[in-house]
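Asker: One structure, pasted below without further comment.
The values are calculated or read from the model by the stated rules, or taken from the named source; none is laboratory data. Worth saying up front: this structure is predicted, and the values here are computed from it rather than measured. Reconstructed Cβ throughout: ideal geometry from the backbone, glycine too, with neighbour counts over all protein chains shown. The protein model used for the area step is the full one, side chains on, heavy atoms only, and it has no ligands, DNA or RNA in it. Shrake-Rupley method; radii C 1.70, N 1.55, O 1.52, S 1.80 Å.
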Amino acid sequence: TLLVIRRFVSSTYGKGIVAIRDDEIAAELMSVNTRRLKMVAFMLSSGFAGLAGGLFAHILGYINPGSFTIMKSTECLVMVYLGGMGSLSGSVLSAVGFTLLLELLRPLELIKWVVVPFMLILLMLFRPEGLMGSRELSDLFPRLRAYHRTGRE
């Protein structure tokens, strides 16, 4: 999934999606087919959501609506916001770090759901763009660019 998302973002479609994100009217004026690109982005994200749901059901052995509580949605959103909305590597790092944090806070049971929103509030106050913002690991560590092929080279 990371490879597909990385290639999609660096493709012409991905640049069009970024243009729509920044300013939809300007993207439309620059002859970006916003309706089509929104549909492509929706289909790609739906496919990945279905894949994630299948893997989640495989781990649990069965699936029911009780598995998807508001806390599960909050966990996913915190993982994305913590790393940065514009950073793929930041989202991956924050997902790993946040999962480890939840496992460390497991003995606290209910108190962890006070700590997690508090951490999110602090993040929004002091670092609203997330920990990585829109930067990638290859921006912070230039030697990773050899392994991190994008359209910028």
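Asker: Reachable lysines from residue 112, Cα under 16 Å, same-chain residues fewer than 8 places away excluded?
Answerer: Straight-distance partners of residue 112: 72.
Asker: Further question: Protein chains only, probe 1.4 Å: how do 63, 17, 25 rank by accessible area, largest first?
Answerer: Numbers: 63 80, 17 45, 25 125 Å².
Largest to smallest exposure gives the sequence 25, 63, 17.
Asker: Roughly how many Å² of residue 124 are accessible to a 1.4 Å probe, to the nearest 10?
Answerer: Using a 1.4 Å probe on the heavy atoms, I get roughly 110 Å².
Asker: I've got another one for you. With the cut-off at 1.5 for a/c, could you classify the stretch 27-73 from its C-alpha gyration tensor as rounded, prolate or oblate? Present the calculation step by step, with values, prior to reporting the outcome.
Answerer: Working: a/c = 5.38, a/b = 2.86, b/c = 1.88.
Verdict is prolate for the stretch 27-73.
Asker: Which of 44, 104, 137 moves the most in a Gaussian network model of the chain with Cα springs under 10 Å?
Answerer: It is 104.
Asker: Determine the share of the chain's accessible area contributed by carbon and sulfur atoms, expressed in whole percent, with a 1.4 angstrom probe.
Answerer: Details: 7730 of 11110 Å².
For the chain, the apolar C and S fraction of the accessible surface comes to 70 percent.
Asker: If you don't mind, there's one more thing I want to ask. In the Gaussian network model of the chain, springs joining C-alpha atoms below 10 Å, which of 94, 11, 31 carries the largest mean-square fluctuation?
Answerer: Among 94, 11, 31, the largest GNM mean-square fluctuation belongs to 31.
Asker: Right, another one. Over the Cα atoms of the stretch 1-131, how large are the radius of gyration and the largest Cα-Cα distance (Dmax), in Å?
Answerer: Rg and Dmax of the stretch 1-131, Cα atoms, are 17.4, 55 Å.
Asker: Give the range of the longest stretch in the chain that excludes all chymotrypsin sites (Phe, Trp or Tyr not before Pro) found in loop regions by DSSP and having at most 14 other beta-carbon atoms within 10 Å. Provide the component values of the computation, followed by the final result.
Answerer: Details: sites that count: 62, 68, 147.
In the chain, the maximal stretch lacking such sites is 69-146.
Asker: Oh, and also: By accessible area of protein heavy atoms, probe 1.4 Å, what ranking do 139, 22 get, highest first? Please list the in-between numbers first.
Answerer: Working: 139 55, 22 105 Å².
Result of the area sort, largest leading: 22, 139.
Asker: Would you list, by chain and number, the lysines whose Cα falls below 22 Å from the Cα of residue 15, excluding same-chain residues fewer than 8 positions away?
Answerer: Once the sequence-local lysines are set aside, what remains near residue 15 is 38.
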